[in-house]
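The values are calculated or read from the model by the stated rules, or taken from the named source; none is laboratory data. The model shown is predicted, which means the values in this text are computed figures rather than measured ones. A quick note on method: Cβ atoms are made from the backbone with ideal geometry, for glycine too, and the neighbour counts reach across all protein chains shown.
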Amino acid sequence: MAVDKAYKTRRWSIIVVVMVSIVSMAIALILGFLSIRDMKGVVGRQFTEEQLIIAQNVSFFIERQINLLKGEIILLSKNISGTYGDNHEFIRNAAIGLFDSGVSEIDVLNLDEKNVHIYNSHGYRSENQAIAPGWYNGLHPDKRNVSEVMVSMPQIEPSGISVKLAKILDADSRKLLVFTVNVSSFVTPLLKKIHPGETGYVWIIDQNGTLLFHPEPESVGKNIFAEYPNQDIYVPSEKIIFDQRKKMLDGREGTGWYISGRHRGVRGEIKKLIAYCPIVVSGNPPQNWSAAVVTPASEIEKPIHSGYLWHFLLQVVIVVVVLLNAALLVMIEVKRSRVLQEKVVIQKRKLTITEEKYRFLIESAEDFIFAVDSDGVFQSMNSFTAGFFDGQPEDFIGKNISDLFPARIAEKQLRLVRQVYKFEKSFGGELVLKENGREAWISAEFMPVRNEEREVTSVLCIGRDLTEKKKMEAQLINAEKLASVGTLAAGVAHEINNPIGVILGLCDLLLDKAPKNSQLYEDIKTIQRHSLHCKGIIGDLLSFARPGGEEPVYADLNISLKEIIRVVEPALKKQNINLVLDLAHDIPQVRGNSRQLQQVFLNLIKNGAGSMIYGGTLTISTRMENSGQNAVIQFQDNGVGIKEEHMSHIFEPFFTTKPEGEGTGLGLFVSYGIVAGYGGSLTFTSYAENSHGRTGTTFTIKLPLRG
């Protein structure tokens with residue numbers, strides 16, 4: 001009994017092993033076929049995507065060649081005079097280079113006289129040949145724009161399929177310059193070396209489905225969706241499938257497959273992979289061709305079949321010999337695949353994080369960052385640049401530089417872009433931007449962006465705002481000027497004060513002796529008045545040279561302002577000037593002598609009032625700076641403003657735009673020295689002319705608070 005039991009156990013064990021082996025083999029077979037099917041689909045899709053790229057390149061090159069011919073016909077038409085006989089040698093010489101581009105004839109067509117001058121590859125053929133009926137294929141120059149280049153529909157001729165490019169020569173007559181282009185000669189140099197897979201090729205159809213190019217010359221001129229398939233008697237016509245027909249005829253791109261009746265001499269039912277792309281030929285009349293890249297699916301699937309067959313046999317051997325080990329290996333492989341998938345997911349996540357990080361850095365950068373193509377069209381832009389122009393990045397993508405920047409700045413940038421494309425290296429320059437009352441100095445660097453083939457595909461511009469740096473440089477220059485002038489002023493004042501004192505003293509003595517109603521008395525008073533004026537100027541120079549004492553002096557800003565406003569307010573009302581005060585409360589004391597600060601305030605109020613000849617509004621405001629270290633005082637008027645050519649000179653001594661005798665040119669000069677002497681700054685913005693009708697000047701004083 002024990003032996004039978006052991007035997008039965010062994011037998012059942014063998015049966016289980018056999019059944020497991022059979023099931024495993026069946027599973028392996030099913031998995032093999034499923035893997036082959038999935039791999040076919042994946043590889044087929046990848047291959048058709050590659051075919052689509054080839055079709056897109058073919059479309060690009062053909063469109064470029066057509067546009068080049070359009071450019072040649074426009075250029076040639078501009079150089080042809082009204083008397084065609086005089087242009088014989090000129091046209092024939094121009095034709096020599098064009099015949100290599102597929103042009104078979106150059107015709108000068110006069111529809112009114114019903115004749116044509118023809119130039120072909122053999123030279124000047126006919127000086128006055130009659131026009132054949134329908135020769136110009138329905139092109140009506142009297143209905144077209146003079147600047148357009150018309151392209152005819154393809155025509156089947158004994159020499160092959162051709163199209164005609166026509167350009168009107170004279171706006172007042174129906175005279176055409178016509179290029180006859182042999183399509184085969186035109187596209188063969190571009191397509192003859194394209195062989196996707198082992199035996200794949202490219203064919204081109206017009207918008208009616210007529211073959212314009214095919215590696216088998218006898219197929220050219222046939223309709224790919226009608227005549228051509230019916231020639232294949234080995235495959236029933238109902239099996240000739242073109243699911244892509246409507247897309248191709250509608251001028252769209254796509255990928256897919258179809259059943260054909262032959263391929264390079266081999267007849268039968270052949271599945272082909274296809275990718276197609278439209279070729280925009282003309283808008284007059286509107287017509288699109290379609291470039292198709294086809295390859296037998298068997299050429300792609302054969303290596304898959306071979307590789308997976310050996311793989312499948314190896315799996316069967318492993319299952320039969322060592323089933324358990326095979327199962328273990330499968331488990332290990334599954335686990336390994338999962339680990340790899342997890343690693344891929346992790347890497348994708350890291351890549352996404354890195355990409356988001358760099359995007360965040362670019363978006364957070366307070367620099368002008370954007371990319372343009374060779375024509376200056378924006379490809380990308382960061383938020384800072386878009387915000388400078390009061391918009392979002394998507395508002396400007398697709399627009400040209402000239403749509404955003406002033407003409408002079410746009411032209412300078414386009415010149416730098418062209419240099420980057422030409423020399424394939426970086427170029428830089430400084431730009432001055434003015435937008436919505438803001439002026440910015442930008443140091444811009446234009447750098448090439450390359451693809452994997454090291455070709456320049458776009459230009460990246462990174463602009464750094466140098467406005468504050470420029471302002472600091474200007475302040476340093478002014479400070480150096482003022483320091484030199486201050487030293488000079490102190491010496492000059494000392495030398496002049498003594499003789500002025502003598503003159504004034506003698507004037508007092510002479511006034512006591514001269515009769516008050518005499519001419520002599522008036523002359524002495526005039527001498528005294530002008531001497532006092534000179535003394536006042538010297539006093540201003542001395543106050544500039546010594547703006548503050550050795551000990552720190554502090555003043556209440558609002559009180560100092562209110563005191564000087566009480567003095568000038570009546571005069572402002574007489575000038576019809578509305579005074580607006582916006583004074584912040586609780587401003588601490590600032591560094592500065594109250595009397596000298598009031599002298600600065602008075603100078604700025606007088607300047608503002610003087611710029612508003614017919615009245616206006618003068619706004620005086622005080623506030624704390626955001627940093628909390630300075631107090632800010634602003635004097636804003638809506639007067640005539642300061643002209644741009646005067647802006648760099650207004651703080652220079654004795655510079656004035658007022659008529660002679662009405663100003664000394666020392667007011668702003670002295671004011672600047674007083675404010676600078678207390679560690680503050682005096683700046684301004686001004687608009688003499690503005691597209692929105694805004695004019696006026698704003699002076700801003702910053703004074704350090706009491707520490």
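Considered as a group, the residues in the range 288-302 that are among the polar types (S, T, N, Q) and part of a strand (DSSP E or B) include one that is surrounded by the fewest Cβ atoms within 10 Å (Cβ to Cβ), and that residue is Asn288.
Within the range 396-415, the only residue that satisfies the criterion of being of a type in the set (Gly, Ala, Ser) and closer than 11 Å to Met381 by Cβ is Gly398. Among residues of the range 562-577 that are assigned by TED's automatic domain parsing to the domain that holds Gln598 and touching a residue at least 12 places away in the same chain (Cβ under 8 Å), those with a beta-carbon under 8 Å from a residue that is surrounded by fewer than 11 Cβ atoms within 10 Å (Cβ to Cβ) and in a loop (DSSP other than H, G, I, E, B) at least six positions away or on a different chain give the pairs Asn576/Tyr614.
How many residues are modelled with pLDDT of 75 or more and among the small types (Gly, Ala, Ser) when one looks only at the range 95-121? Final tally of qualifying residues: 3.
Given the structure, is Glu551 in a loop (DSSP other than H, G, I, E, B) and either modelled with pLDDT under 70 or surrounded by 15 or more Cβ atoms within 10 Å (Cβ to Cβ) (or both)?
On the way: in a loop (DSSP other than H, G, I, E, B): yes; either modelled with pLDDT under 70 or surrounded by 15 or more Cβ atoms within 10 Å (Cβ to Cβ) (or both): yes.
Answer is yes for this residue.
Take Ile496 and tell me if it is at pLDDT 80 or above and surrounded by 14 or more Cβ atoms within 10 Å (Cβ to Cβ).
Numbers: at pLDDT 80 or above: no; surrounded by 14 or more Cβ atoms within 10 Å (Cβ to Cβ): yes.
No: the conditions fail for Ile496.
If we keep just the residues of the range 633-647 that are touching a residue at least 60 places away in the same chain (Cβ under 8 Å) and not hydrophobic (A, V, I, L, M, F, W, C), which is surrounded by the most Cβ atoms within 10 Å (Cβ to Cβ)?
Of the residues in the range 633-647, the ones touching a residue at least 60 places away in the same chain (Cβ under 8 Å) are 633-637.
Right, trim to not hydrophobic (A, V, I, L, M, F, W, C) and you get 634, 636-637.
Numbers: Gln634: 17, Gln636: 18, Asp637: 26.
Looking at residues that are touching a residue at least 60 places away in the same chain (Cβ under 8 Å) and not hydrophobic (A, V, I, L, M, F, W, C), I get Asp637.
Would you tally the residues in the range 594-621 being closer than 17 Å to Lys702 by Cβ and not aromatic (Phe, Trp, Tyr)?
Here is the first cut: in the range 594-621, the residues closer than 17 Å to Lys702 by Cβ are 596-597, 600-601, 603-604, 620-621.
Add one more test, that the residue is not aromatic (Phe, Trp, Tyr), and what stays is 596-597, 600, 603-604, 620-621.
Final tally of qualifying residues: 7.
I need the full set of residues from the range 573-583 which are loosely packed, with under 14 Cβ neighbours inside 10 Å and within 46 Å of the chain's Cα centre (by Cα), in order please. Even if it seems obvious, please write down each step before you answer.
Going through the range 573-583, the residues loosely packed, with under 14 Cβ neighbours inside 10 Å turn out to be 573-574, 576, 578, 580-582.
Hits for the range 573-583 are Val580, Leu581, Asp582.
For residues that are buried (at least 17 other Cβ atoms within 10 Å of the Cβ) and either modelled with pLDDT of 85 or more or closer than 18 Å to Glu198 by Cα (or both), tally how many sit in the range 271-286. Write out each step before concluding.
Quick first cut of the range 271-286, residues buried (at least 17 other Cβ atoms within 10 Å of the Cβ) only: 272-279, 281-282.
When the remaining residues are screened for being either modelled with pLDDT of 85 or more or closer than 18 Å to Glu198 by Cα (or both), the result is 272-279, 281.
Number of matching residues: 9.
Filtered by the rule that a residue be modelled with pLDDT of 85 or more, surrounded by fewer than 18 Cβ atoms within 10 Å (Cβ to Cβ) and closer than 13 Å to Thr48 by Cβ, the range 248-270 gives Glu253, Gly254.
Conditions (1) modelled with pLDDT under 85; (2) part of a loop (DSSP other than H, G, I, E, B); (3) within 28 Å of Lys271 (Cα to Cα), marked per residue:
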| site | (1), (2), (3) |
| --- | --- |
| Leu176 | yes, no, no |
| Val181 | no, no, no |
| Thr188 | yes, no, yes |
| Glu218 | yes, no, yes |
| Phe225 | yes, yes, yes |
| Pro229 | yes, no, yes |
| Ile233 | yes, yes, yes |
| Ile241 | yes, yes, yes |
| Lys246 | yes, no, yes |
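Looking only at the range 197-227, which residues are among the aliphatic types (A, V, I, L, M) and either in contact (Cβ under 8 Å) with a residue 24 or more places away in the chain or buried (at least 17 other Cβ atoms within 10 Å of the Cβ) (or both)? Walk me through how you get there before you give the answer.
Step one: of the range 197-227, the residues among the aliphatic types (A, V, I, L, M) are 202, 204-205, 211-212, 220, 224, 226.
Val202, Ile204, Ile205, Leu211, Leu212, Val220, Ile224, listed by residue number.
For Glu652, the requirement of being more than 28 Å from Asp556 (Cα to Cα), of a type in the set (Asp, Glu), touching a residue at least 40 places away in the same chain (Cβ under 8 Å) and not in a strand (DSSP E or B) is met. Put simply, of Ile73, Ile62 the only residue that is in a helix (DSSP H, G or I), modelled with pLDDT of 70 or more and more than 21 Å from Val294 (Cβ to Cβ) is Ile73.
Let's see how each residue does on (1) of a type outside the set (A, V, I, L, M, F, W, C); (2) crowded, with 19+ Cβ neighbours inside 10 Å; (3) under 42 Å from the mean Cα position of the chain (by Cα):
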| residue | (1), (2), (3) |
| --- | --- |
| Asp586 | yes, no, no |
| Val590 | no, yes, no |
| Val600 | no, yes, no |
| Leu604 | no, yes, no |
| Met612 | no, yes, no |
| Gly615 | yes, no, no |
| Asn626 | yes, no, yes |
| Ala631 | no, yes, yes |
